Amino acid sequence: MKKIKPAFLPAILILCLLIGSIGNLTSVLGVPALLVVALLGAGLYFGAPRLDHLSTRQLRWGIGLGLLAMLIAQVVVLHVMPNTVYHDPYRVLSQADQLAAGHMTWDITYFWRYANNVPLAYLLSLWLRLTQLVGLSTNLSVHLLSILVLDSFIALALHTIWQLSQRASLLVVAFGFFALSPFAYTYYLQVFYSDLPTMLVLLIIIRSLLNWSQKTSRQRWFAGSGLVVAVMLGAMLKPNLVVLLPALLIVGLILARQHLWRQAKLTLPILLIVLGFGLSLPATKVIDVAANYQPRTAFSFPATNWILMGYNQHSNGGYSGKDVGRAIKQPSQAARQRYNLKTIPKRIKTLGVVGVIRLWVVKLGIVLNVQGIQRWYNGGFRAAPSWYSNHAGFYQGLTVIGYVAATLLMWGALMLKLLRWRPDLTDPHQILALLAVTTALGYLAFHTLLWEVEPRYGQAILPLLWVALAAIPRQASQSRPRWANQASLLNGATALLVAFGAAGVLGAQLPQKQVIAAQRSQLSVQYHAKPKTVTPGTVLAEVVDVNAPANYFSVQIHAGSQVQVTLTNLATGQHYRLTMAGSVARLHHQLAAGQYRITVQNLTTRGQQVDVTHTYHYQLAAHPLTVNGQSQPTASLIYTCMQR
């Protein structure tokens, strides 16, 4: 049996996960989250042997019923608490809605600047067209797609974990992570974007390589075809999937050094992966033609723009509005490239060696931070139920504690395995684990050393970490004392008490700006979205459900516009006049729960511009916008109602 000597790559991953763990414990909820991790970890240690004695029939029934309950809960969440999707996911959704309606035009500069989202918008438009044939609304179609992709990922992940580990305890823990934590009910359920499809693609790629050397010719044909398609789609949706290639090269070199390359039989799948990347280029061109998309270099950003932001110490290597603003002012893509190539070395020199390393550590902490999963691209619920708004601090705190604890528990289990792991590359499962570890490091290195960062970027490695955790062999289990079962139950119950108690007590210390009702979806002025011209005497009106007390209301109008904006309580008839502040009309006043009507009137003799979001089939708010009494169900004002 041939083994490579200690695990340099696993050691680096352990260091990265330690930094990420510290970053996730920095908020006021960090201590209770860590306590929950300790209690659950001890409970699982004591209870694992009993879980491992569950029969296959018990597992199937238990997991099956659990997934059914998860699906019901997901449907309830989408029905009761639809959110207002904003920023990039909304622009993709809006464009897909437009393409599905047969309007093959690109009316804003966003897609000329970020052409990587063109394939996603087009593919989403195909789904919308398909579901329109069976009479589904666009809103229902998007929700259905989110559930299909999310639950397919969860089911496939659980199946893969079982195939790799054959451990009931690990399968139950994985089910808890996916179905009992906020993972299945927040960002990935409520916002459809490229992150989750990318995770599903990565899982499919890894699964295609599973037991490749033992597959029959027919199985290899099917697996190989799926591998090419998955890589092609993944590369179109997220170009950073390219980190898979150097990861394969590194694993290949390790195998060759150990004289195990022939035994691994990975030549064909690697060639198929390269073919998938190669096909993604002409496939993107085909989509561009089919979608009538024509790039415009006058608006496009070179790749160096993201590297420039990645070394902006003032934004901690994240998105920088100032950098984007400077890039927009440049006359051409070539000018942006020259500016970036001149500025990037200056920034690195200013940072110095210590500053660069410090920035890398900070970026790594950011990219692995999962505390904000509820807030990612969520502009607030359209009309949050009163039971949620009245106890928002508790629910938000529970969400943070729940997902941070679930993540750190999984990371901790993986780090313990990585510490003891000495890869045996005669085992195909351990080759897969090494590839998963190496690819995960590739993603982290890409964003830490090169690119800009956002917290959600680190979620791409989630399927890779679960594969590694399942594929690395378990150590010989030690006997547990007789009281282990009671201890595991006690620890689990105590963990729940700590989580609920801390969420109730410390949740009140979270930022108090709570969105009560909102419609914040828009294409944005920065991407040259066109405002609606309101002729003299025109009245725009929209009803808003405010289900809990609030003290702030704003309506986005347009810079320089002169209109009168009022808010009326429909039950009492009380009027509130909003005052203009730049491009926004604002009201600071205590508002009781109830229905309100926003009214925007042009009392001047000239046309005035108002920012109105308009779609073709996607309904943005519960109530339609009316223009001089004429209802427009797929149009809406842009507003936010908050308790501050």
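The values are calculated or read from the model by the stated rules, or taken from the named source; none is laboratory data. Here the structure is a predicted model, which is why all the values come from computation and not from measurement. Every residue, glycine as well, gets a Cβ built from its backbone with ideal geometry; the counts of neighbours run over all protein chains shown. These accessible areas exclude ligands, DNA and RNA; they are computed on the full protein's heavy atoms, side chains included. Shrake-Rupley method; radii C 1.70, N 1.55, O 1.52, S 1.80 Å.
Scanning segment 228-275 for residues that are touching a residue at least 40 places away in the same chain (Cβ under 8 Å), polar (S, T, N, Q) and assigned to a helix (DSSP H, G or I) turns up Asn240, Gln263.
Within segment 580-597, is there a residue that is touching a residue at least 60 places away in the same chain (Cβ under 8 Å) and not in a strand (DSSP E or B)? Scanning segment 580-597, I find at least one residue that is touching a residue at least 60 places away in the same chain (Cβ under 8 Å) and not in a strand (DSSP E or B), so the answer is yes. For segment 425-445, indicate whether the set of residues that are open to solvent by less than 20 Å² (accessible area, probe 1.4 Å), in a helix (DSSP H, G or I) and closer than 29 Å to Leu497 by Cβ is non-empty. Within segment 425-445 (the criterion being open to solvent by less than 20 Å² (accessible area, probe 1.4 Å), in a helix (DSSP H, G or I) and closer than 29 Å to Leu497 by Cβ), the answer is no, since none of the residues qualifies. Restricting attention to segment 143-161 and to residues that are within 24 Å of Trp212 (Cα to Cα) and touching a residue at least 60 places away in the same chain (Cβ under 8 Å), the residue that is most open to solvent (accessible area, probe 1.4 Å) turns out to be Ala155. Total residues in segment 289-319 satisfying the condition of being surrounded by fewer than 13 Cβ atoms within 10 Å (Cβ to Cβ) and under 29 Å from Leu368 (Cβ atoms): the figure is 2.
Could you tell me which of the residues His143, His159 is touching a Leu at 6+ places or on another chain (Cβ under 6 Å), part of a helix (DSSP H, G or I), modelled with pLDDT of 95 or more and not hydrophobic (A, V, I, L, M, F, W, C)? Exactly one of His143, His159 is touching a Leu at 6+ places or on another chain (Cβ under 6 Å), part of a helix (DSSP H, G or I), modelled with pLDDT of 95 or more and not hydrophobic (A, V, I, L, M, F, W, C), namely His143. When each of Gln214, Gln190 is tested for being open to solvent by 10 Å² or more (accessible area, probe 1.4 Å), polar (S, T, N, Q) and closer than 16 Å to Ser152 by Cα, the lone residue that passes is Gln190. Scanning segment 288-312 for residues that are part of a helix (DSSP H, G or I) and more than 24 Å from the chain's Cα centre (by Cα) yields a total of 3. One residue stands out in segment 374-396 among those that are touching a strand residue (DSSP E or B) at 6+ places or on another chain (Cβ under 8 Å) and not in a helix (DSSP H, G or I): the one that is surrounded by the fewest Cβ atoms within 10 Å (Cβ to Cβ), namely Tyr377.
Screening segment 271-288 for residues that are hydrophobic (A, V, I, L, M, F, W, C) and crowded, with 16+ Cβ neighbours inside 10 Å and picking the one that is farthest from Leu434 (Cα to Cα) gives Ile287. Screening Ser636 with (1) at pLDDT below 95; (2) buried (at least 22 other Cβ atoms within 10 Å of the Cβ) gives one miss only, at (1).
The residue of segment 337-355 that is nearest to Thr448 (Cα to Cα), among those that are touching a residue at least 24 places away in the same chain (Cβ under 8 Å) and open to solvent by less than 40 Å² (accessible area, probe 1.4 Å), is Gly355.
Contact map, segment 519-533: first residue of a type in the set (Asp, Glu), second residue surrounded by fewer than 20 Cβ atoms within 10 Å (Cβ to Cβ) and at pLDDT below 95, Cβ cut-off under 9 Å, separation 6 or more or different chains; the map is empty.
Do the conditions hold for Ser554, that is, is it part of a strand (DSSP E or B), over 30 Å from Gln132 (Cβ atoms) and among the small types (Gly, Ala, Ser)?
yes
Filtered by the rule that a residue be under 38 Å from the mean Cα position of the chain (by Cα) and under 25 Å from Asn569 (Cα atoms), segment 597-613 gives Arg597, Ile598, Thr599, Val600, Val610, Asp611, Val612, Thr613.
Tallying residues that are among the hydrophobic types (A, V, I, L, M, F, W, C) and either at pLDDT 95 or above or out of contact with any strand residue (DSSP E or B) (no Cβ under 7 Å at 6 or more places or on another chain) (or both) within segment 622-633 yields 2. In the set (1) more than 30 Å from Arg520 (Cβ to Cβ); (2) out of contact with any Gly (no Cβ under 9 Å at 6 or more places or on another chain); (3) open to solvent by less than 20 Å² (accessible area, probe 1.4 Å), the condition left unmet by Pro89 is number (1).
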